[in-house]
Amino acid sequence: MFKSRTEMVLTFHVAPIQELGNSRTLIQFNGSFLKENVFRLPASPEVDAAWESLGVNYRAVTVPPILAEKAGLKPSQVQINPAYGGGYPANVEGLHHLHCLNLVRQALYYNIDYYRSAGKGAFVNNDHIVRLHVSHCLDILRQQLMCSPNTALLGQIWWDRKAPKAFVDFNTEHKCRNYDTIREWAKKRQLPKNVPSDFLQPPQSVEEIYDELP
């Protein structure tokens, strides 16, 4: 069930997450204003399945101690009990961004009643916690978009042959990393769904513990 430290290091080295998807492929975005794809449709099991297929609810992966510093992890952060192989539990940030986008979608005025009624995921919580979760996600996405703004320019097209009108052309081409490669990497390296109660190593110092959630 749990890998040894050597196995974890070898597995991680086979395809380090930082090196995945570096090759770029030209992709045309679907920027349609009127024609909705499944990701835009009102809430339903089919729509949820489409979003789930993106890995929006994948569990954390394990980062071996020897690779933690290179991965940007700190000794003060949560670690796994050495009895279960050690290392750090960590989430792929790009998948968290999509998790957040999915939650914002679920909280849209035309979807929220559906998810409140289902009472699953984020919606097991009361409205106050749901609002904090959604606003957290909204601001994470704001910061990410401001951190790496796309400077490409959107031209315009003509539509309506009887009375031509200008409209922004959102169907643009982009050089994209291979998202499926990254998603598959994270999928294969998820922590088990159920772990022992002592799976996480207790903090080594009170200095490692925040007084409250940051």
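Key figures
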| item | result |
| --- | --- |
| Odd one out for Trp158 among (1) under 30 Å from Gly87 (Cα atoms); (2) in contact with a Lys or Arg (Cβ under 9 Å, 6 or more places away or on another chain); (3) at pLDDT 95 or above | (1) |
| Test: residue in region 118-141 that is in a strand (DSSP E or B) and polar (S, T, N, Q) | no |
| Filtered residue count, region 53-104, keeping only those that are of a type in the set (Phe, Trp, Tyr) and more than 30 Å from Tyr115 (Cα to Cα) | 2 |
| Hey, Ile66 surrounded by 12 or more Cβ atoms within 10 Å (Cβ to Cβ), β-branched (Val, Ile, Thr) and either within 20 Å of the chain's Cα centre (by Cα) or modelled with pLDDT under 95 (or both) or not | yes |
| Flag for Ile140 being at negative phi and touching a helix residue (DSSP H, G or I) at 6+ places or on another chain (Cβ under 9 Å) | yes |
| Number of positions in region 58-89 that are touching a Ser or Thr at 6+ places or on another chain (Cβ under 9 Å) and closer than 29 Å to Asn126 by Cβ | 1 |
| Residue count for region 144-188, restricted to those that are in a loop (DSSP other than H, G, I, E, B) and either in contact with a Leu (Cβ under 6 Å, 6 or more places away or on another chain) or surrounded by 11 or more Cβ atoms within 10 Å (Cβ to Cβ) (or both) | 7 |
| Close pairs (6 angstrom Cβ cut-off, 6 or more residues apart or separate chains): in contact (Cβ under 8 Å) with a residue 24 or more places away in the chain in region 112-124, of a type in the set (A, V, I, L, M, F, W, C) anywhere | Tyr114/Ala43; Tyr115/Phe123 |
| Residue among Val134, Val124 that is closer than 22 Å to Gly55 by Cβ and exposed (fewer than 11 other Cβ atoms within 10 Å of the Cβ) | Val124 |
| Unmet requirement for Leu26, which otherwise passes all of (1) more than 16 Å from Tyr110 (Cα to Cα); (2) surrounded by 11 or more Cβ atoms within 10 Å (Cβ to Cβ) | (2) |
| Selection status of Asp169, more than 19 Å from the chain's Cα centre (by Cα) and within 30 Å of Pro65 (Cβ to Cβ) | no |
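Here's the yes/no breakdown for (1) among the acidic types (Asp, Glu); (2) closer than 30 Å to Leu153 by Cα:
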{"position": "Glu173", "(1), (2)": "yes, yes"}
{"position": "Arg177", "(1), (2)": "no, yes"}
{"position": "Asp180", "(1), (2)": "yes, yes"}
{"position": "Gln190", "(1), (2)": "no, no"}
{"position": "Asn194", "(1), (2)": "no, no"}
{"position": "Leu200", "(1), (2)": "no, no"}
{"position": "Pro203", "(1), (2)": "no, no"}
{"position": "Glu207", "(1), (2)": "yes, no"}
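Results for (1) of a type in the set (A, V, I, L, M, F, W, C); (2) under 23 Å from Val195 (Cβ atoms), shown as yes or no for each residue.
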{"residue": "Ala49", "(1), (2)": "yes, no"}
{"residue": "Ile80", "(1), (2)": "yes, yes"}
{"residue": "Gly87", "(1), (2)": "no, yes"}
{"residue": "Val92", "(1), (2)": "yes, yes"}
{"residue": "His97", "(1), (2)": "no, no"}
{"residue": "Leu101", "(1), (2)": "yes, no"}
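The values are calculated or read from the model by the stated rules, or taken from the named source; none is laboratory data. Model, not experiment: these values are computed from the prediction. Neighbour counts run over all protein chains shown; Cβ positions are idealised from the backbone, glycine included.
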